[in-house]
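The values are calculated or read from the model by the stated rules, or taken from the named source; none is laboratory data. It should be emphasised that the depicted structure is a prediction, and the values quoted were computed from it without experimental measurement. Here the Cβ positions follow ideal geometry from the backbone for every residue, glycine too, while neighbour counts run over all protein chains shown. Heavy atoms of the whole protein, side chains included, go into the accessibility calculation; ligands, DNA and RNA do not. Shrake-Rupley method; radii C 1.70, N 1.55, O 1.52, S 1.80 Å.
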Amino acid sequence: MMSRSYTNLLDLASGNFPVMGQPREKKRLPRVMTVPGVISELDDDQANSVASDVPSSIIQDRIIIVANQLPVKAKRRPDNKGWSFSWDDDSLLLQLKDGLPEEMEVLYVGSLKVDVDPSEQDDVSQLLLDRFKCVPAFLPPDILTKFYHGFCKQHLWPLFHYMLPFSANHGGRFYRSLWEAYVAANKIFSQRVVEVINPEDDYVWIHDYHLMVLPTFLRRRFNRLRMGFFLHSPFPSSEIYRTLPVREEILKALLNSDLIGFHTFDYARHFLSCCSRMLGLEYQSKRGYIGLEYYGRTIGIKIMPVGIHMAQIESVLRLADKEWRVGELKQQFEGKTVLLGVDDMDVFKGVNLKLLAMEQMLKQHPKWQGRAVLVQIANPARGRGQDLEEIQAEITASCKRINETFGQPGYEPIVFIDRPVSLSERVAYYSVAECVVVTAVRDGMNLTPYEYIVCRQGVSESESSSESSGSKKSMLVVSEFIGCSPSLSGAIRVNPWNIETTAEAMNEAISMADAEKQLRHEKHYRYVSSHDVAFWSRSFFQDMERTCKDHFRRHCWGIGLSFGFRVVALDPNFRKLSIDHIVSVYLRSKNRAILLDYDGTVMPQTSHNKTPSSEVISIINTLSSDIKNTVFVVSGRGKDSLAQWFSPCKKLGIAAEHGYFMRWSANDNWEVCGQNSEFGWKEIAEPVMKLYTEATDGSSIETKESALVWHHRDADPGFGSSQAKEMLDHLESVLANEPVTVKSGQFIVEVKPQGVSKGVVAEKIFTTMAESGRQADFVLCIGDDRSDEEMFEIISSAISSGVLSSNTSVFACTVGQKPSKAKYYLDDPAEVVNMLESLAEASDPEPFSDTRSEDSI
């Protein structure tokens with residue numbers, strides 16, 4: 001069964017293809033939208049669009065893999081009348097199919113490595129779609145140059161590898177035109193995805209730093225699209241990343257994915273730190289999964305290093321003797337100990353550092369002179385620039401110097417291979433090398449050690465039993481700054497910048513006893529063989545399925561402009577409070593309970609002057625003066641400030657310090673609602689808080705009559721959060737036998753008496769009203785933070801216990817579109833005030849009496 005969107009392409013993917021270059025009518029792939037409320041944008045007439053009526057419930061899943069380059073090779077036909085294409089077996093995108101469900105259809109979107117004339121592009125598109133299920137994205141030459149060689153290779157690549165653009169010649173400076181080309185290229189990729197996607201049935205998996213803003217383009221079109229992103233390069237520390245002028249645009253674009261993958265915890269930790277410092281987002285770990293809450297969506301963070309394609313390596317091993325005779329290499333290096341390096345030619349691979357370490361080893365350990373050989377294979381450079389030219393010159397000079405110094409007739413300590421080397425030839429070198437050395441100063445993953453381990457395991461199968469005992473061994477010297485280092489616990493890890501220790505590590509590796517080499521090799525092989533590329537892709541896809549399982553159950557809508565765009569995802573029962581509806585219910589009700597939080601609800605959090613405006617005072621006074629109303633301000637603030645601010649509102653009830661103090665009107669005395677009025681625990685808690693305050697710049701202590709609050713909003717986000725967690729444990733330990741609770745909130749740690757919460761306040765108000773014969777038939781409860789959720793939660797239990805009637809009209813409302821136990825929301829305090837004003841206009845205020853009867857409670 002084909003997926004629904006694929007049937008739309010049948011008119012392009014069937015029949016005989018015209019000869020390349022022949023003029024024909026241009027035809028674009030039709031774009032098919034199936035998300036309610038989104039109008040199809042067709043380039044051709046709508047009548048030309050074909051859609052299947054097959055229900056999506058029986059359509060097989062499909063995944064669209066999007067990357068900068070398609071996993072195909074292209075070359076001109078000998079007659080120069082078209083192109084011939086073949087799969088690129090070395091491409092990770094092709095290999096990862098092994099880990100996906102067998103029945104899953106895989107479609108690729110990406111660019112080609114060759115320039116295709118515009119007149120041939122439609123024919124090439126049809127050919128690739130039909131034979132390879134590939135959809136090419138053709139970038140105009142001016143955009144391609146600025147996008148790939150400009151923003152990607154001159155700015156993002158160096159920055160993500162910790163090279164800052166201190167000068168125009170070292171690490172590309174940021175140019176707005178390059179960024180615009182990057183955005184334009186990502187948009188072209190998005191258009192190609194849109195042309196073939198069925199958003200209800202398809203998964204999208206985006207790869208690497210070339211396409212980091214693509215998630216925003218796709219999310220704008222399809223709110224519920226199931227989409228993952230994997231970064232194959234390092235993600236730098238926040239200090240480095242924050243130098244990027246478009247740092248927030250890229251970060252927010254990535255957060256439009258459902259799952260974001262990294263090779264190592266370090267890379268994920270840096271990303272999460274950026275989210276915390278720049279966007280105020282904190283991650284949570286639940287049952288081993290890391291998630292970021294972002295406007296109601298939980299974005300998964302996946303940590304899984306990629307592996308190698310075992311079958312490919314093993315098949316090449318069986319052909320190695322034929323394609324590149326291992327025997328010749330053994331004869332060439334007979335009596336020598338071979339150390340091997342296989343690196344791309346770029347500034348971050350540390351090739352020259354490796355050569356200097358080899359030179360140092362030969363100096364410090366003369367026994368290796370004439371015996372040890374470093375074979376360095378340098379793959380062709382993928383970038384260009386002055387930095388690369390300088391590195392190449394250094395490497396050439398080092399090779400020449402070392403060979404002149406330590407070379408002998410028939411012996412050169414450095415064998416430098418500066419040309420493309422096939423996998424089969426590489427396998428032959430792995431087979432004869434006693435040790436592989438990787439000294440990259442920064443590398444996203446680097447699979448060279450993995451390939452080497454598998455090749456060394458495979459050698460014994462083709463050799464005689466007399467040699468097999470010594471063949472299944474390998475040694476690795478690897479930089480601690482590469483992505484595969486954490487998974488290779490038996491390798492000797494080095495700081496490549498320290499030439500002396502790297503030289504000693506190389507000496508240790510080739511001098512180690514065979515038994516130890518064998519033990520380390522076996523440990524590595526068990527890991528590499530079980531954590532191959534199929535394991536990686538299977539694990540990522542399973543996590544993407546898990547992360548996206550609730551997509552079609554929730555209400556989703558997009559807000560924000562440009563790269564500030566994000567999708568808000570909320571429970572289907574969660575909706576905006578209609579002022580007309582609440583006013584109509586308000587007018588019909590006779591006993592109303594109105595509970596209002598203060599900060600963030602009727603007073604904006606960002607306001608420096610926290611005194612309520614005359615408008616707010618007037619509205620609350622009108623509401624509380626209505627004899628049908630019981631109105632309370634329920635706040636964490638102290639009773640004195642609340643009493644002073646709301647002194648004109650004579651009938652207003654106030655619950656201060658989260659309900660520790662409570663009064664029903666201005667003429668009533670304050671009640672203490674806590675279970676204990678002893679505050680000896682403050683003498684224990686306050687010194688602890690002072691200790692952390694002194695150690696945490698930007699933090700402060702707020703002393704209330706009933707509570708102590710430690711604030712760290714102005715502290716360093718990472719350090720403040722860390723100190724808060726430590727303080728929470730510390731306080732819980734020293735106050736274990738005290739009648740208090742220790743809670744953490746948004747940038748606070750609070751110690752307060754047990755049994756004090758806004759939920760208790762709400763329950764007491766509802767109970768008192770019911771006991772006085774005025775059971776509430778209308779409840780309005782509004783708040784904006786975690787403490788207010790306790791009020792929302794108590795409402796349902798009050799209905800269950802009979803304190804509130806099942807017929808009571810309940811309006812539990814949170815401020816802001818975010819996950820909440822409330823059923824309704826309003827966007828901001830201004831909307832809250834407008835709604836309250838509408839209720840006030842519908843009220844019937846009575847003159848205040850100094851004598852409060854039981855019925856006026």
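Among the criteria (1) farther than 30 Å from residue 304 by Cα; (2) modelled with pLDDT under 95; (3) open to solvent by less than 20 Å² (accessible area, probe 1.4 Å); (4) not small (Gly, Ala, Ser), the one residue 548 does not fulfil is (1).
Of the strands (runs of 3 or more DSSP E) that lie entirely inside segment 363-438, those containing 1 or more residues that are within 28 Å of residue 150 (Cβ to Cβ) and modelled with pLDDT of 90 or more span 372-379.
Considering segment 183-233, the residues that are under 19 Å from residue 248 (Cα atoms) and among the basic types (Lys, Arg) include one that is surrounded by the most Cβ atoms within 10 Å (Cβ to Cβ), namely 219.
So, residue 376, is that one surrounded by fewer than 20 Cβ atoms within 10 Å (Cβ to Cβ), of a type in the set (S, T, N, Q) and at negative phi or not? So residue 376 does not fit the description; no. Under the condition of being within 20 Å of residue 452 (Cα to Cα) and not hydrophobic (A, V, I, L, M, F, W, C), the residues counted in segment 343-379 number 7.
If you filter segment 469-493 down to residues that are among the polar types (S, T, N, Q) and buried (at least 24 other Cβ atoms within 10 Å of the Cβ), you find that the one that is modelled with the highest pLDDT is 479.
Restricting attention to segment 126-152, the residues that are out of contact with any Lys or Arg (no Cβ under 9 Å at 6 or more places or on another chain) and either part of a helix (DSSP H, G or I) or without any contact (Cβ under 8 Å) to a residue 24 or more places away in the chain (or both) total 18.
Of the numbered criteria (1) within 38 Å of the chain's Cα centre (by Cα); (2) at pLDDT below 90; (3) within 24 Å of residue 586 (Cβ to Cβ); (4) among the small types (Gly, Ala, Ser), the one residue 783 fails is (2). Taken over segment 757-816, the residue count meeting the criterion of being among the β-branched types (Val, Ile, Thr) and in a helix (DSSP H, G or I) is 8. May I ask you to list the residues in segment 161-172 that are surrounded by 18 or more Cβ atoms within 10 Å (Cβ to Cβ) and either modelled with pLDDT of 95 or more or small (Gly, Ala, Ser) (or both)? Within segment 161-172, 171, 172 qualify.
In the set 315, 273, only one residue is polar (S, T, N, Q) and free of Cβ contacts under 8 Å to residues at least 24 places away in the same chain; that residue is 315. Restricting 581, 555, 608 to residues that are open to solvent by 30 Å² or more (accessible area, probe 1.4 Å), modelled with pLDDT under 95, of a type outside the set (D, E, K, R) and closer than 30 Å to residue 764 by Cα narrows the list to 581.
Number of residues in segment 494-536 that are open to solvent by 20 Å² or more (accessible area, probe 1.4 Å), in a helix (DSSP H, G or I) and either of a type in the set (A, V, I, L, M, F, W, C) or in contact with an Asp or Glu (Cβ under 9 Å, 6 or more places away or on another chain) (or both): the value is 4.
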